[in-house]
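Reading through the structure tokens given below for one structure.
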Amino acid sequence: MADSESRQFSPCFAEELLDWQRGLPRRFLFGQVFASDGFDIDIYPGKAKAAMFIPYLDFEKETDLLMELANHAIQDYNCKETNVYKYEVLYVEKVNFILAECREFFMTVKVKNVTLRSPKETFQIHAYKGPDGENIVRLCRRKLLV
């Protein structure tokens, strides 16, 4: 009886431990994805082929493309927003991407408020180059403070 009770309450079985370890990052990952819309993710599922969000750690290789997308997004934001503030992109801070029909980038960029000449602000941009080479912006917003 003592043996069956210790098995029931102790997570010493390798299978149970592996299931728990696999489930933990996924729960945190999906929570972070939904909470930040794919921009602020600390946990990545590793080298899984089905990994959805991938950190782009060496994005400096494509700075021209990313800056083009960021500038396009901020210009659209400046035209569409009803406030009087206008922004200009300074640099790309962090990038995640997903592989879909095209690589979709989730960029965190630093901008300056040209109207007020205020310190840097942070924007989040979800954009990509379309199949015909056009810039497509799905989201451009000031970073939400959480």
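How many percent of the accessible area of the stretch 93-146 is carbon or sulfur, using a 1.4 Å probe?
52
What list of ³J(HN,Hα) values in whole Hz, one per residue of the stretch 127-138 in order, does the Karplus curve 6.51 cos²θ - 1.76 cosθ + 1.60 (θ = phi - 60°) give from phi, with Gly and Pro shown as x?
Per residue, the Karplus-derived 3J(HN,Hα) values read 8, 7, 8, x, x, 9, x, 7, 7, 10, 10, 8 Hz.
Stretch Leu90-Lys110 to full length: gain in nm at 0.36 nm per residue minus the Cα-Cα span? Don't skip to the end; give the middle numbers.
Details: separation 20, 0.36 × 20 = 7.20 nm, distance 0.56 nm.
The span from Leu90 to Lys110 would gain 6.6 nm if fully extended.
For the stretch 72-142, take the alpha-carbon Rg, divide it by the Kirkwood Rh, and send me Rg/Rh. Could you put the intermediate results ahead of the total?
Values: Rg = 12.7 Å, Rh = 12.7 Å.
That ratio equals 1.00.
Taking θ as phi - 60°, what are the ³J(HN,Hα) couplings along the stretch 55-67 by the Karplus curve (6.51, -1.76, 1.60), each to the nearest whole Hz, with x for Gly and Pro?
x, 9, 6, 10, 5, 4, 5, 10, 4, 4, 5, 5, 5
Ordered by residue, what ³J(HN,Hα) values in Hz, to whole numbers, does the stretch 108-116 give under the Karplus form 6.51 cos²θ - 1.76 cosθ + 1.60, where θ = phi - 60° and Gly and Pro are x?
9, 10, 9, 10, 10, 7, 5, 5, 9
Would you kindly state how much longer the chain becomes between Asn78 and Ser118 on full extension, computed as 0.36 nm times their sequence separation minus their alpha carbon distance, in nm to one decimal?
The Asn78-Ser118 span can extend by a further 12.8 nm.
The values are calculated or read from the model by the stated rules, or taken from the named source; none is laboratory data. Please read these numbers as outputs of a predicted model, since none were measured by experiment. Just the protein is used for accessible areas: all its heavy atoms, side chains included, with ligands, DNA and RNA removed. Shrake-Rupley method; radii C 1.70, N 1.55, O 1.52, S 1.80 Å.
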